[in-house]
Amino acid sequence: MKPQPSPVSRIPSSNNLSKAVRADYDVRKPISCLSFQHEHRLAAVGCLNELKILRVDRNASISELCSYTSATPKALVNDVCWSNDERKYVAVAYSTGEIKVVSVGAASVPSTDPIMQVKYENPINRVTWHPSDSHLIASADNKGCLRLYDIRTNNSNNLVYNTRFINNQVRNTRDIQFNSFHVDLFAAVAD
């Protein structure tokens, strides 16, 4: 039987492979997604209807800093993604069609009021931050809708771009990612 990988492992540098560090943490719930902050000290974990923020220390200890439970009944976390700048923002995609951007803040306690919140009728499968404009996030849902939002506006005017997958086909869009080298391009994959 092949051994299972640990929930969190640090891959050692290539010149020091003998000093790998392993750290485990049990959130006691099924985990659907994981995202590390750009400094790799904090992890956002989606488990059922809850967003958990974990701190991973250099000595391989993991501690739970806080959690944020959705007020919407039956809302399951489908994806989480840290902002790619120094802000401690986490975008959360829900099975109920909601997207929320919450601030973990300096005290590592998520704000009860999201910075941005939108709701659609279809489950949101993925969210991702734009690689060079830290105010933009993109989403993909299970009916082929690809959207781009500006988080500075928390109202109906925050939708910057909206399109469907190939030729307006309704397909379950699994993922969306920006091109890091040509930031005006993105790719999406669907069933």
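The values are calculated or read from the model by the stated rules, or taken from the named source; none is laboratory data. Remember, predicted model here, so these are calculated numbers, not experimental data. Cβ atoms come from the backbone with ideal geometry, glycine included; neighbour counts cover every protein chain shown.
Points worth noting:
- Strands (runs of 3 or more DSSP E) contained entirely in segment 33-85, each with at least 3 residues that are within 17 Å of M116 (Cα to Cα): 77-82
- Number of the condition not met by R126 [criteria: (1) farther than 17 Å from D175 by Cβ; (2) among the basic types (K, R); (3) at pLDDT 90 or above]: (1)
- Selection status of L65, on the phi > 0 side of the Ramachandran plot and of a type in the set (A, V, I, L, M): no
Conditions (1) at pLDDT 90 or above; (2) within 30 Å of E64 (Cα to Cα); (3) under 17 Å from the mean Cα position of the chain (by Cα), marked per residue:
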| site | (1), (2), (3) |
| --- | --- |
| S103 | no, yes, yes |
| S108 | no, yes, yes |
| M116 | no, yes, yes |
| A138 | yes, yes, yes |
| K143 | no, no, no |
| Y149 | yes, yes, yes |
| L159 | no, no, no |
| T163 | no, no, no |
| N172 | no, no, no |
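- Any hit, segment 119-140, residues being in contact with an Asp or Glu (Cβ under 8 Å, 6 or more places away or on another chain), more than 23 Å from N157 (Cβ to Cβ) and of a type in the set (G, A, S): no
- Selection status of N84, in contact with a Ser or Thr (Cβ under 7 Å, 6 or more places away or on another chain), modelled with pLDDT under 90 and either buried (at least 20 other Cβ atoms within 10 Å of the Cβ) or of a type in the set (S, T, N, Q) (or both): yes
- Filter result (of a type in the set (S, T, Y) and either in contact with a Lys or Arg (Cβ under 9 Å, 6 or more places away or on another chain) or in contact (Cβ under 8 Å) with a residue 40 or more places away in the chain (or both)) within segment 62-108: S63, S67, Y68, S70, T72, S83, Y89, Y94, S95, T96, S103, S108
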